[in-house]
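Heads up, the thing below is written out as structure tokens.
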Amino acid sequence: MAIPGAVGASIVDYTTGFPVATTGAAPNADHEAAAAGTADVIQAANSRSLFVSAVPHDLLEDLIITTAGGYHLLRMVQTEFDSRLVLYLWLDRGKGNLAVARRRMQKLADELIAT
């Protein structure tokens with residue numbers, strides 16, 4: 001993986017909880033469970049007024065979940081048609097850099113929709 005400190009990653013269809021593609025390790029060694037959890041988190045964030053922005057028509061970009069040993073980054077892939085994909089990255093906290101990982105995930109999401 002091209003992101004320093006990355007433990008594992010996947011592309012998830014958050015409407016179904018299905019992992020479209022995976023690489024590296026997954027929490028609890030289960031990419032399917034990680035994808036389902038990712039879908040649950042995204043759906044919860046999208047459906048709760050708690051996360052609504054003051055800016056009209058503002059969209060969710062990403063979510064970061066921190067643990068003592070790592071970061072879980074969820075990056076929405078905004079497309080013109082249905083925007084149902086999310087990039088998931090599990091980052092080792094000691095080996096990775098959160099800012100660098102966010103930038104690279106943004107670039108990956110942009111590249112996905114450009115192709």
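Every read-out reported here was derived from the displayed coordinates using simple, explicitly stated rules and does not represent laboratory data. These numbers come from a predicted model, not from an experiment. Note that we place each Cβ from the backbone using ideal geometry, even for glycine, and neighbour counts take in every protein chain shown.
Once you have the Cα-Cα distance between GLU32 and ASP110, take 0.36 nm times their residue separation minus that, and quote the gain in nm to one decimal. Can you show the working numbers first?
Working: separation 78, 0.36 × 78 = 28.08 nm, distance 2.45 nm.
Between GLU32 and ASP110, full extension yields 25.6 nm more.
Under the Kirkwood approximation applied to all pairs of distinct alpha-carbon atoms, what is the hydrodynamic radius of the chain in Å?
Working: mean 1/r = 0.0696 Å⁻¹.
The Cα-based Kirkwood calculation yields 14.4 Å.
Using the reciprocal of the averaged 1/r over all distinct C-alpha pairs, how large is the Kirkwood radius of region 69-115 in Å? Please report the intermediate quantities before stating the final value.
Values: mean 1/r = 0.0885 Å⁻¹.
Kirkwood hydrodynamic radius for region 69-115: 11.3 Å.
Neighbouring Cβ atoms within 10 Å as the yardstick, rank ARG104, ARG75, ARG93 fewest first.
On the way: ARG104 20, ARG75 23, ARG93 14.
By the 10 Å Cβ count, ascending, the order reads ARG93, ARG104, ARG75.
On C-alpha positions alone, give me the angle between the axis of helix 31-47 and the longest principal axis of the chain, in degrees, nearest 10.
For helix 31-47, the angle is close to 30 degrees.
Arrange the following residues from fewest to most other Cβ atoms within 10 Å of their Cβ: THR67, THR15, THR38, THR22. Walk me through the numbers on the way to the answer.
Working: THR67 10, THR15 14, THR38 24, THR22 17.
So the ranking, lowest neighbour count to highest, is THR67, THR15, THR22, THR38.
Choose one of ALA45, GLY69, GLY8: the residue whose Cα lies farthest towards the positive end of the charge dipole of the chain (beta-carbon charges +1 Lys, Arg; -1 Asp, Glu; about the Cα centre).
Looking along the dipole axis, the top candidate is GLY69.
What's the magnitude of the charge dipole for the chain around its Cα centre, counting Lys and Arg as +1 and Asp and Glu as -1 at the beta-carbon? Answer in Debye, nearest 20. Display every interim value, and only then the final one.
On the way: 9 positive and 12 negative charges, 89 e Å.
It comes to approximately 420 debye.
Pulled fully out, how much extra length does the chain show between ALA68 and VAL100, if you take 0.36 nm times their separation in residues and subtract their Cα-Cα distance?
Length difference between fully extended and current span is 9.6 nm.
Can you put VAL86, VAL20 in order of Cβ neighbours within 10 angstrom, beginning with the fewest? All intermediate terms of the calculation are to be shown ahead of the outcome.
Numbers: VAL86 26, VAL20 13.
Exposure proxy ranking, most exposed first: VAL20, VAL86.
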